[in-house]
Structures are given as C-alpha cells and as structure tokens.
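What follows is a set of notes on a single structure, which appears directly below.
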Amino acid sequence: MIFETTPSQTVGPYFAIGLPFDVGPFAVPEGTPGAIHIAGTIYDGAGVPIPDFLLETWQADPDGQFADMYGYGGPSALDGFRGFARYGVEDGDGTFDILTVKPGSVPGLAGAIQAPHIDVSVFARGMLHRTVTRIYFADEVEANAGDPALARVPVERRPTLLAEPDPAVGGYRFDIRFQGPHETVFFAV
Amino acid sequence: MTEEVQAQPAEERQIYDPIGETPTSYLREPEGAHPPLDYPGYKSTALRHPKQPLIYLPQTITEITGPQLGPVLLGENDNDLTVQHEGEPIGERIVVSGRVFDTEGKPLRGTLVEVWQANSAGRYMHRWDRWPAPLDPNFSGAGRCVTDDEGRYRFTTIKPGPYPWGNHYNAWRPAHIHFSLLGRAFTQRLVTQMYFPGDPFFPYDPIFNSVRDERARQRMVSQFSIHDTVPNWAHAYEWDIYLRGPGATPFEEAH
C-alpha cells in the first residue's frame, strides 16, 4: 500500500437527489423467469422503521455467475441480469422491495462452497460509513449448514441473516434491525 | 506478444488489465481509516449503528466482484450541472476534477462517479430541505460520469454554499459535494464528501471531524487548481480519490 484510502462520510438526508434511479430496485428485468421479490423493513435502535435509507445488493445468478466485467467464471447467461439492486427512499415506511433471482452456490476460499447469499450495503443519514450484511435463505438448510461465513456467526444470531419464504411479497422477507435483542449480524469486509 | 507489452507507454501499464490482473482480495483497512459508526457528536448515529461487534467476513468472489453501471446510467449533460436547465444557475461556476486510484496508485478506469450537492445558497433541491435560502430553478445539483482510461473524472458545477442543520445549536455544515463510487468490487464501494480548502466551518463540524486522524481528514479536502481553471469561464478544484487496493492472499485470512 502506497496511499491511504479516502475516508467515508454519511450519505446525509438528501441522497435521493443523486443516487436512486428508475430501474434501481430491479437486479433482473421484470418478467425474468424465476424472479423473486425480497422485501423487508429496516428498524433503528428504538425499533422504529427508518424512513430514509439507501440499500444496495450484489449477488450471483442461479448458476453462480456474476454480472462483472472482469470475467470471473464467464458472464451470466441470464438475459438482462445485473446482479445489483439499489433501493433508495427518503420518507418511506421503512420498507424496501427488490426484484431479483435466487442466487446459486458460489465458491468460497480454499475449496469451500458458499450457500446462496446476497451481499447488502445500507447507507443512511446517521451512518458515517455503510453497514454490510448478507441475505441467506431459510429454505437452504443443508447449504447454510456448510457455509463458511455463517460458521463464523454465533448460532443464536444466524437467524437474523435468513430470509424467510413469504408468498405475500412474492418471494422472501428479510428485515434488518440495527440494535435490540434481534440485532442483525453486520460484517467487516 | 512481449514486444507489444514493451511498446506500451509506462502510464498504460499502470492501469489494470481488466481480464488478466484482478486482485483476489482487497486490503483490510486499519482502525480509524473511516469514521466510527457510533459517534456521539453526530446525534443521528445513536440509533443507527450496530451495538454488536462486526463479524469478520472472508473476501470471496462475491466481495471481489462488483456492478459496472456506467453505461446504464449516463445521460446527456450528466457531468455538467450548469446546463441541465433552460437558464444558468447562479453562483461561482467551477470545474471539479481528479482521478480515482486504488491504494497502490493504480487508476480505476471506467468506474461510475455520482455526485449531489446544495446550490450556491446552500439549499438542496429536495422537499425536506426547508431552510429559508433560495432555491435555484436552474440547478438540480446531481451529476454522474465515468472515469476515463487514466481514472479521471470531471464535473462542471456551481460551488455549493454552507448550510445550517439541526444537530446542535448553531450547527453549520462546511460546503461540500457528496461523492458516490462503485469502484470495481463490492469491497471498494465508497460514499464520501468532498470539501473545499480553508473552510472556516471545519473546526465546528462533527461529520468532518468524525474522521479522527488529521491527515485522513485532509484527504477529503480538495485543492484549488489554477491548472484546471477555464479562462474567462470557471475556476477549479482538484480532488483525487483513493479506494482500497489489493490485499493479502485470501489463504492468509485471519480467523
């Protein structure tokens, strides 16, 4: 390392001027076969839904391929797959809703296999740096049991990383809690 | 093949080959490189930070890849915030430019840079911003561009004004432009603020001072640049941005 990084600062209350875009919440185009919604609510330390936040997600496609220009494992074969969603809201009810596909398993380190997962960043006023978590899927019991990142999480906290199937949202529900007895697990990357 | 490589100018060899030379991990940043999530001076952090310690996440393919949104998002005039409306915005016309590097000093080309800011009176074109400074119908305050082959970005805009906020009695934010960078990997994602040199509000602003290290704070401050000034048109500020560079090999990850 020759240089040091530029420090992070908060997105503040007015990021909606610059960051959200029309198809941001769509990691896949509408009508993609197998598309699912992932929806949930983000709660602050008092258990109150956060009205202003920016949530971003990054994930592989169902075959474990990424929509990355650097050619890791080759491009996704899924038409229009972006693998990235950005959901920004400035005075909402704390809820988000993205459209995506369930990712496949992808390699971990040293030959390990990772369970299907989605990386998540949350930005907001009052956050001087992004917070990072991962969405896993509650119905991937076997794959989750062998996941090296979940293995680092105390057993009693693992449920905070599991999206639960929910027909009402057309996919899965994943809530994020910043504090309290069910505080979501956040990661240092 | 060898001859072709040797024929490249040194500057080009500095730039990542998008296929051949891709980091397998990114450096873990030392404590204090970024502000703490819990910072009492900035009151809104109180209920918006995790209480439990962060858990170490090994960097895998999910973390060393990232979205490439540039072409998807760019529109006409996105890098000139002074021509997005019928009339001219009021204020000091400035050029803000610089390069995006990683911590090895290698430029990041083709990466998306997004900005948003207040107008010259310090007011955002946002329905929540209600303090009694004038709105400017000719200034929305948002821009986007993609870095060129040398990692360079460039915006033409209006110098934003400082503005009051409710954190404490007589609180004012130093003038700033918000910057959002995707980098080339999930690990490099950065949202920050660019400040202007010599701002008298620096000592009083908890957000600026949430970065505890003086040298790190200075990395958020742009420099006046006579070189980038456009004669008879706009003065200029230069600001380089450094994202995380390659780290240790992933087999040496801490446990």
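Read-outs: derived from the displayed coordinates by stated rules, not from any lab. Because the structure is a prediction, the values reported are computed rather than measured. In this analysis, Cβ positions are derived from the backbone assuming ideal geometry, glycine residues included, and neighbour counts consider all displayed protein chains.
Could you please let me know if B:D240 is in contact with a strand residue (DSSP E or B) (Cβ under 6 Å, 6 or more places away or on another chain), on the phi < 0 side of the Ramachandran plot and within 12 Å of chain A (Cβ to nearest Cβ)?
Numbers: in contact with a strand residue (DSSP E or B) (Cβ under 6 Å, 6 or more places away or on another chain): yes; on the phi < 0 side of the Ramachandran plot: yes; within 12 Å of chain A (Cβ to nearest Cβ): yes.
Yes, satisfied.
Applying the criterion of being among the hydrophobic types (A, V, I, L, M, F, W, C), more than 9 Å from every other protein chain (Cβ to nearest Cβ) and part of a strand (DSSP E or B) to the residues of segment A:123-150, the residue that is nearest to the chain's Cα centre (by Cα) is A:I135.
Report whether or not A:T6 is more than 7 Å from chain B (Cβ to nearest Cβ), touching a Ser or Thr at 6+ places or on another chain (Cβ under 6 Å) and either free of Cβ contacts under 8 Å to residues at least 24 places away in the same chain or surrounded by fewer than 18 Cβ atoms within 10 Å (Cβ to Cβ) (or both). In short, no. Of the residues making up segment A:22-44, one or more are assigned to a loop (DSSP other than H, G, I, E, B), more than 7 Å from chain B (Cβ to nearest Cβ), farther than 30 Å from B:H176 by Cα and free of Cβ contacts under 8 Å to residues at least 40 places away in the same chain. In segment A:154-181, the residue that is nearest to B:E63 (Cα to Cα) out of those that are in contact with a Phe, Trp or Tyr (Cβ under 9 Å, 6 or more places away or on another chain) and aliphatic (A, V, I, L, M) is A:L161.
Taken over segment B:52-71, residues that are closer than 16 Å to B:R109 by Cα and in a helix (DSSP H, G or I) amount to 2. Scan segment B:79-86 and give yes if some residue there is outside any loop (DSSP other than H, G, I, E, B), closer than 28 Å to B:D240 by Cβ and touching a residue at least 24 places away in the same chain (Cβ under 8 Å), otherwise no. Checked against the condition, which is being outside any loop (DSSP other than H, G, I, E, B), closer than 28 Å to B:D240 by Cβ and touching a residue at least 24 places away in the same chain (Cβ under 8 Å), segment B:79-86 yields at least one hit.
Which ones in segment A:156-189 are within 14 Å of chain B (Cβ to nearest Cβ) and either assigned to a loop (DSSP other than H, G, I, E, B) or aromatic (F, W, Y) (or both)? Listed by number, the residues that qualify are A:F178, A:Q179, A:G180, A:P181, A:H182, A:E183, A:T184, A:V185, A:F186, A:F187, A:V189. Of all residues in segment A:103-128, those satisfying the criterion of being at positive phi and touching a helix residue (DSSP H, G or I) at 6+ places or on another chain (Cβ under 7 Å) are A:A110, A:G126. Every condition in (1) among the β-branched types (V, I, T); (2) surrounded by 18 or more Cβ atoms within 10 Å (Cβ to Cβ); (3) in a loop (DSSP other than H, G, I, E, B) is met by B:I226 except one, and the failing one is (2). Which condition breaks for B:A216 when tested against (1) under 24 Å from A:F187 (Cα atoms); (2) touching a residue at least 60 places away in the same chain (Cβ under 8 Å); (3) surrounded by 21 or more Cβ atoms within 10 Å (Cβ to Cβ); (4) within 8 Å of chain A (Cβ to nearest Cβ)? Of (1) under 24 Å from A:F187 (Cα atoms); (2) touching a residue at least 60 places away in the same chain (Cβ under 8 Å); (3) surrounded by 21 or more Cβ atoms within 10 Å (Cβ to Cβ); (4) within 8 Å of chain A (Cβ to nearest Cβ), only one is false for B:A216: (3). Counting only strands (runs of 3 or more DSSP E) that fall entirely inside segment B:147-207 and contain at least 2 residues that are within 23 Å of B:S44 (Cα to Cα) and within 13 Å of chain A (Cβ to nearest Cβ), the qualifying elements are B:163-165, B:176-181, B:190-195.
Checked against (1) surrounded by fewer than 15 Cβ atoms within 10 Å (Cβ to Cβ); (2) within 11 Å of chain B (Cβ to nearest Cβ), A:V153 meets all criteria but (1).
Look at segment A:97-109: where a residue is within 12 Å of chain B (Cβ to nearest Cβ) and part of a loop (DSSP other than H, G, I, E, B) and a partner is surrounded by fewer than 19 Cβ atoms within 10 Å (Cβ to Cβ) and acidic (D, E), sitting 6+ places away or on another chain with Cβ atoms under 9 Å, you get A:G104/A:D63; A:S105/A:E140.
Going through segment B:87-132 one residue at a time, which ones are hydrophobic (A, V, I, L, M, F, W, C) and either more than 30 Å from A:D68 (Cα to Cα) or part of a loop (DSSP other than H, G, I, E, B) (or both)?
Our first condition is that a residue be hydrophobic (A, V, I, L, M, F, W, C); within segment B:87-132, this holds for B:90, B:94-96, B:100-101, B:108, B:112-113, B:115-116, B:118, B:121, B:125, B:128, B:131.
Hits for segment B:87-132 are B:I90, B:I94, B:V95, B:L108, B:A118, B:A121, B:M125, B:W128, B:W131.
Filter segment B:27-51 down to residues that are in contact (Cβ under 8 Å) with a residue 24 or more places away in the chain and in a loop (DSSP other than H, G, I, E, B), then give me how many there are. Don't jump to the end; show me each part of the working.
Of segment B:27-51, the ones in contact (Cβ under 8 Å) with a residue 24 or more places away in the chain are B:27-29, B:32-36, B:39, B:41-44.
Still in the running and in a loop (DSSP other than H, G, I, E, B): B:27-29, B:32-36, B:39, B:41-42.
Of the residues in that region, 11 qualify.
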